[in-house]
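Take a look at the structure set out below.
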Amino acid sequence: MGQLSDRLNRLAPSATLAMSQKSNEMKAQGIDVINMSVGEPDFNTPDHIKAAAKKAIDDNYSRYSPVPGYADLRKAISAKLKNENGLDYTINEILVSNGAKQSVCNTLMALVNDGDEVIIPTPYWVSYPQMVKLAGGNPVFVNAGFEQNFKMTPEQLEAAITPKTKMLILCSPSNPTGSVYSQEELAGLAEVIKKHDGMFVLADEIYEHINYIGKHASIATVEGMKERSIIVNGVSKAYAMTGWRIGYIAAPEWIVKGCNKLQGQYTSGPCSVSQKAAEAAYTLEQGCVEDMRKAFERRRNLIVELAKNIPGLEVNVPEGAFYIFPKCSSFFGKSNGEKTINNSTDFALYLLEEAHVATVGGDAFGDKECFRMSYATSDENIKEAMRRIKEILAKLK
């Protein structure tokens, strides 16, 4: 038998994908599972975007694309950043990749050296620490829990910084919590970062348009932060284009050149047809984005109301994205007579096996007291899922 590399053996599998796979296996057995584990809009890609992709096929966009992406798409992204965020980036400061996930990984691989520290507020998206490890860095976790609405303070950031600190990863709106940093909160964090030479922030803004508190705030707009920021974004969440696999970074040109060099060696340019679809997403009518945002906000209000009516759960009100992250620790140590809940992973498995509702335990996100539910599903599914959960939790004593 062969042996996998030490690099690969350091990585943990994705808990969110594992739970989604387990729920799909149960569905294949004929079990009526409501899957609230996956971070994917349930809407179809808007028709005008699909039409642009069909035209691209007819126009023979079937050859290798440039490694950093088509110039027209990068121009569209540049215009979006200017018009929506007030940020000036040339197309040479933009790199398009095979999804925002690759954009995050590109950045870490390009900037992090062996032994460098990367600060990650918890709860975090499951892949951040694994990508840091892949790059040879060490993740440094800062607990930003339920009581502080899952947002790190400047004081916490300052306390976590050492001479080895290279970067902060900040996700706003947040996966898994839905918390959103205000412009004032970002400015406070920025003041700390600016005191430390050679420190950067990777700003994951993929949920930018799914925002319930008004205009999105980007840390790159804070004075002195553009040259220290790597913005990661894409079309997957706002335009319901997860399978199209188009993400990008906007960053200082020297960082973009480094990521371009890396990408040129292991994936080359993104899918040609997907890029033309993404160009249409950014340049044509935007009503679809607001329609989906409104639907997610309605669902947010519905699931929060229902979750607050379940004894034992503590629920904050998410300000963006399409997740709630309730505290379930009051059930730890309780049993239905056959199964005992010892942690949030046990709790999520109990919901799946007994209520047939797929969620993800907070252990996977660095928070042992909570669990994640996606409300990117129909109102009917939300109501039925919460009914099942309320019923099954009442059996724990």
**OP:** Kindly rank 358-370, 252-264, 233-245 from highest to lowest mean number of other beta carbons found within 10 Å of each residue.
**Re:** 358-370, 233-245, 252-264
Subject >> All-pairs Cα distance distribution in the range 226-381, expressed in whole percent, bin size 5 Å >> reply: 2, 7, 12, 15, 13, 12, 12, 11, 8, 5, 2, 0, 0
Original post:
Pick from L202, L108, L306: which is most flexible by mean-square fluctuation in a GNM of the chain where alpha carbon atoms under 10 Å apart are linked?
Top reply: L306
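Past 30 Å, Cα to Cα: identify those pairs from K195/K276; K164/K257; K308/K339; K194/K261, in the order given. List each step's numbers first, then the result.
Working: K195/K276 41 Å; K164/K257 24 Å; K308/K339 24 Å; K194/K261 28 Å.
Where the Cα-Cα span goes over 30 Å, the pairs concerned are K195/K276.
If you wrap a convex hull around the Cα atoms of the chain, how much volume per residue is inside, in Å³?
Working: hull volume 62.9 nm³, N = 397.
Per-residue hull volume (Cα only) is 158 Å³.
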**OP:** Only Lys, Arg, Asp and Glu count, each charged at its Cβ (+1, +1, -1, -1), so figure out the dipole size of the chain about its Cα centre, rounded to 20 debye.
**Re:** 580 debye
Subject >> Per-residue ³J(HN,Hα) for the range 141-150, Karplus 6.51 cos²θ - 1.76 cosθ + 1.60, θ = phi - 60°, Hz, x for Gly and Pro >> reply: 8, 10, 6, 10, x, 3, 5, 10, 6, 6
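In the chain, what % of DSSP beta bridges are antiparallel (nearest 5)?
45 percent
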Subject >> Point-charge dipole on Cβ atoms (K/R +1, D/E -1) for the range 206-263, about Cα centre, debye to 20 >> reply: 160 debye
Subject >> Segments 48-56, 34-42, 295-303 sorted - mean Cβ within 10 Å per residue, highest first >> reply: 34-42, 295-303, 48-56
Original post:
Using θ = phi - 60° and the Karplus form 6.51 cos²θ - 1.76 cosθ + 1.60, what ³J(HN,Hα) does each residue of the range 212-221 get, whole Hz, x for Gly and Pro?
Top reply: 10, 10, x, 5, 5, 10, 10, 5, 5, 7
Original post:
With all protein chains present, how much of the accessible area of the chain (probe radius 1.4 Å) comes from carbon and sulfur, to the nearest whole percent?
Top reply: 50 percent
Subject >> the range 119-148 versus the range 18-39: alpha-carbon centroid distance in Å >> reply: 27 Å
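Output the direction-averaged projected area (hull surface divided by four) of the convex hull of the alpha-carbon atoms of the range 1-54, in nm². It would help to have the intermediate numbers written out before the result.
Numbers: hull surface 30.6 nm².
Averaged projected area of the range 1-54's Cα convex hull equals 7.7 nm².
The values are calculated or read from the model by the stated rules, or taken from the named source; none is laboratory data. Predicted model only: the values in this text are computed from it and were never measured. Using ideal geometry, Cβ is built from the backbone for each residue, glycine included, and neighbour counts are taken over all protein chains shown. Heavy atoms of the whole protein, side chains included, go into the accessibility calculation; ligands, DNA and RNA do not. Shrake-Rupley method; radii C 1.70, N 1.55, O 1.52, S 1.80 Å.
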